[in-house]
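The values are calculated or read from the model by the stated rules, or taken from the named source; none is laboratory data. On a predicted model such as this, the values are computed, not experimentally measured, just so you know. Note that we place each Cβ from the backbone using ideal geometry, even for glycine, and neighbour counts take in every protein chain shown. Keep in mind that these areas ignore ligands, DNA and RNA; they rest on the heavy atoms of the full protein, side chains included. Shrake-Rupley method; radii C 1.70, N 1.55, O 1.52, S 1.80 Å.
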Amino acid sequence: MRAAILHTHGEPPKHVEHPDPVAGEGVSIVRVTAAPVVPLDLLCATGTSYFGPPELPYVPGVQGVGVVEQSSALAPGTRVFFATSAGMAAGDGSFAERAAVPDADLIALETPVADPAVAAIGLSGVAGWMTLTWRAQLQPGEQVLVLGGGGAVGQVAIGAARVLGASRVVAVARSDASKQRALAAGADEVVAASTDVDELTSRLGAPSYDVVIDPVFGTAATAAARVLAPGGRLVNLGGSSGDEAVFSSAVLRGRTASVLGYTNNALTADQRREALTAVLHHAAFGAIAVAHETVTLDEVATAWKRQAAGETDGRLVLTITAAE
């Protein structure tokens, strides 16, 4: 089969021939149709992540969409979304015509949303939905602030906040392209990001945000914590802008505010399935979407470099058609 193989840590994978995966007990074979190139793929491939350096060579790709070919859990022909541990543990991922996937990591799909769009949403959709529902316990009528509003998680969180009944959704974005993605996702207003905490705090306005969804941390989280409403909740799920933020004890105590952590790794298989199903239900009606661009598997090296350089206008999704 054709696959993208990583031979050197920190280098892009190469499009080459690779042996087909073999089914085993509790493991299904999926014919892959679409796989997103996400930051976690690049991080694991550097060999510097907290998972440790992955054994080489391997097929990257921590998420994918496809059709079951062999399985004892699902009927052949079943359309599925799946996750892999590629780069985090031994084994290959989704950047190939076929993938071996543990049965527990398969989610059967019953949605009209196209495979590339499902792949673009993927686990970012799960995170955007669960930070609002499970961790923040968003209530109808509350106001939501989404940091990193132009990213995949941010776009889902904006759309999800709308369908969950938020009265106002404000996003923070770093570039004009990110601003446009946040507006397209449904934000009422987009605030320009700043590395100056006082300036960003001023731009955000008076303390009025019941929920903050934070995939960036750093300066943005520091400013966002200052504008939490009484009883406000800031949910952090990433640190793309820094690993440290500063929170005022007086503000947290005076407003009985909460700072909460989130990771998809804490979810059960049922929670992941239910969250993705909910997001795709709303995506089918256009209420939730992630801007994306499709590229072919043989363009994987270029796509990898673009993702690393931040030269994308949305998520990059590899489209893959396996030989019959």
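Per-residue ellipticity at 222 nm for the chain, helices alone: DSSP H runs ≥ 4 residues times -39500 (n - 2.57), over residue total, nearest 500 deg cm²/dmol?
When only DSSP H runs of four or more count, the value is -8500 deg cm²/dmol.
Return the long-range amide H neighbours of V259 (sequence gap of 5 or more, or a different chain), with a cut-off of under 5 Å between placed amide H atoms.
Correct list: L234.
May I ask you to evaluate 6.51 cos²θ - 1.76 cosθ + 1.60, the Karplus curve with θ = phi - 60°, for each residue of the stretch 27-32 and list the ³J(HN,Hα) values in order in whole Hz, giving x for glycine and proline?
My calculation for the stretch 27-32 gives 10, 9, 9, 10, 7, 7 Hz in order.
Note down the relative contact order for the stretch 136-261 as a percent, whole number, built from C-alpha pairs under 8 angstrom at least six residues apart.
Dividing the mean separation by the residue count of the stretch 136-261 yields 22 percent.
Once label points are set 7 Å from the Cα along Cα→Cβ at both S175 and A250, what is their separation, rounded to one decimal in nm?
About 3.9 nm, to one decimal.
Report the one residue of A221, G232, G52 whose Cα lies farthest in the direction of the positive end of the charge dipole of the chain (charges on C-beta: Lys and Arg +1, Asp and Glu -1; origin at the Cα centre).
Comparing the listed Cα positions along the dipole, G232 ranks first.
Quick one: work out the % antiparallel among DSSP beta bridges in the chain, nearest 5.
So the antiparallel bridges in the chain amount to around 55 percent.
With every protein chain present, what is the per residue accessible area of the stretch 136-261 (1.4 Å probe, Å²)?
Computed with neighbouring chains in place, this is 41 Å² per residue.
For the stretch 118-134, what does the Karplus curve 6.51 cos²θ - 1.76 cosθ + 1.60, with θ = phi - 60°, yield as ³J(HN,Hα) per residue in whole Hz, taken in order and with x for Gly and Pro?
4, 4, 5, 6, x, 6, 5, x, 4, 5, x, 6, 6, 5, 7, 8, 7
Which whole-number percent is the relative contact order of the chain (Cα, under 8 Å, 6+ apart)?
19 percent
For the residue pair A89 and A23, what label-to-label distance in nm results when each label sits 7 Å from Cα along the Cα-to-beta-carbon direction?
Spacing of the two 7 Å Cα→Cβ label points: 2.1 nm.
According to the Cα gyration tensor, what semi-axes, each the square root of 5 times an eigenvalue, does the equivalent ellipsoid of the chain have, listed from largest to smallest in whole Å?
35, 20, 17
Mind giving me the FRET efficiency for A114 and S208? R0 is 41 Å, r the Cβ-Cβ distance, nearest 0.05 is fine.
0.60
Going by the alpha-carbon gyration tensor, a ≥ b ≥ c the square roots of its eigenvalues, is the stretch 209-324 rounded (a/c under 1.5) or, if a/c is not under 1.5, prolate (a/b greater than b/c) versus oblate?
prolate
Among Y209, L164, P116, which residue has its Cα furthest toward the positive end of the charge dipole of the chain, with +1 on Lys/Arg Cβ and -1 on Asp/Glu Cβ?
Checked the options; the winner is Y209.
Mind checking which of A283, A86, A23 has the largest fluctuation in a GNM of the chain, springs on alpha carbons under 10 Å?
The residue that fluctuates most here is A23.
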